[in-house]
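Input: a single structure, listed below in structure tokens.
The values are calculated or read from the model by the stated rules, or taken from the named source; none is laboratory data. In this text, all values refer to a predicted model and were calculated from it rather than measured experimentally. Positions of Cβ are generated from backbone atoms using ideal geometry, with glycine treated the same way; all protein chains shown enter the neighbour counts. Accessible surface is based on the protein model in full, side chains and every heavy atom, while ligands, DNA and RNA are left aside. Shrake-Rupley method; radii C 1.70, N 1.55, O 1.52, S 1.80 Å.
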Amino acid sequence: MNILLNPTYFANILHWCALVKSNQVSFEVCDSYQKQTYRNRTHIYSANGTLALSIPVVYSQNNRQMYRDIEIYNNDKWQNVHWKSLISAYGASPFFEFYKDSLEKIYLKKYTDLTKFNFDIINLIFEWIEIEIKSELSKGYNIWYENSLDLRKNIENKRCTSSENIRYRQVFSNKNGFLNDLSIMDLIFNEGPNSISYLK
């Protein structure tokens with residue numbers, strides 16, 4: 001089945017479950033950019049519980065901008081902050097060591113284009129879980145697509161979801177319990193090569 005998704009910043013586990021179970025994905029890049037969505041934010045498991053990481057962007061509410069035109073605001077040292085947060089959160093996880101070098105390259109590279117950054121992340125996850133999926137980019141915005149499962153609303157930044165992940169070991173679960181539907185990184189750093197079986 002073809003699915004319709006937005007490219008997001010280290011998307012959550014349910015997003016990746018849908019992606020892995022599809023045989024083709026259409027990435028929506030022509031919709032209007034909205035603030036406070038998963039386009040530029042993700043949630044990880046820190047020592048104190050859920051931690052939101054947000055990429056600062058240049059955004060004008062007076063001028064409707066397409067997602068594909070959004071630029072990253074690089075005056076803040078956000079990449080350094082996010083990288084240190086990931087080391088703090090997952091440095092003790094079973095598989096972080098196996099992935100950290102390729103991940104660090106992403107955070108050392110300077111990006112101006114949000115969608116380019118997100119697609120580099122998506123391709124990195126494809127490499128990590130060793131899958132290939134046919135994909136295409138939208139060429140214009142449509143409200144409805146025939147023969148596609150439309151999951152574009154999944155990018156809304158809601159910390160509650162009606163779907164529960166099957167539990168897996170998390171670094172700080174002894175302290176804070178199991179946290180549901182975090183970034184795909186949380187699954188991969190804790191489950192490693194078993195992540196693909198989990199997602200299926």
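Listed by chain and number, the lysines whose C-alpha is less than 16 Å from the C-alpha of Lys110, apart from same-chain residues fewer than 8 away, are Lys77. Around Gln65, what is the net charge, scoring Lys/Arg as +1 and Asp/Glu as -1 over all other residues with Cβ under 13 Å from its Cβ? Overall, the nearby charge balance is 0. Beta bridges from DSSP with both residues in the chain: antiparallel share about 50 percent, rounded to the nearest 5. Remark: spin-label model distance Lys84-Ser173 equals 3.0 nm, labels positioned 7 Å along the Cα→Cβ axis.
Annotation for Ser197 and Val57: the two label points, set 7 Å from Cα along the Cα-Cβ direction, are 3.7 nm apart. Pairs from the table (Lys21/Lys134; Lys84/Lys105; Lys35/Lys116; Lys100/Lys153; Lys116/Lys139; Lys153/Lys175) lying more than 22 angstrom apart at Cα are Lys100/Lys153; Lys153/Lys175.
In this simple spin-label model, placing a label point 7 Å from the Cα along the Cα-to-Cβ direction at both Gln34 and Ala92 gives a separation of 3.8 nm.
Taking other residues whose beta carbon is less than 13 angstrom from the beta carbon of Ile196, and scoring Lys, Arg as +1 and Asp, Glu as -1, yields -2. FRET efficiency for Lys105 and Phe126, Cβ-Cβ distance as r, R0 = 22 Å, nearest 0.05? Step by step, r from the Cβ atoms, then E = 0.90. Accessible area per residue for the chain is 54 Å², calculated with a 1.4 Å probe on protein heavy atoms, without ligands, DNA or RNA.
Oblate is the label for the chain. Its Cα gyration tensor axes, ordered a ≥ b ≥ c, give a/c of at least 1.5 and b/c at or above a/b.
Each Lys and Arg contributes +1 and each Asp and Glu -1, all at the Cβ; summed about the Cα centre of the chain, the dipole is approximately 440 debye. Computed extension length for Leu149-Lys134: 3.9 nm, one decimal, from 0.36 nm per residue of separation with the Cα-Cα distance subtracted. Label zone (Ile166, point 7 Å along Cα-to-C-beta; backbone nitrogen cut-off 19 Å) within the stretch 10-49: 12-22.
Listed by chain and number, the aspartates and glutamates whose alpha-carbon sits under 12 Å from that of Lys109, ignoring those within fewer than 8 places in the same chain, are Asp120. Taking a Cβ cut-off of under 14 Å around Phe126, the surrounding Lys, Arg, Asp and Glu residues balance to a net charge of -3, with basic ones at +1 and acidic ones at -1. Taking a ≥ b ≥ c as the square roots of the Cα gyration tensor eigenvalues, with a/c under 1.5 meaning rounded and otherwise prolate when a/b beats b/c, else oblate, which class fits the stretch 52-133? Cα axes put the stretch 52-133 in the oblate bin.
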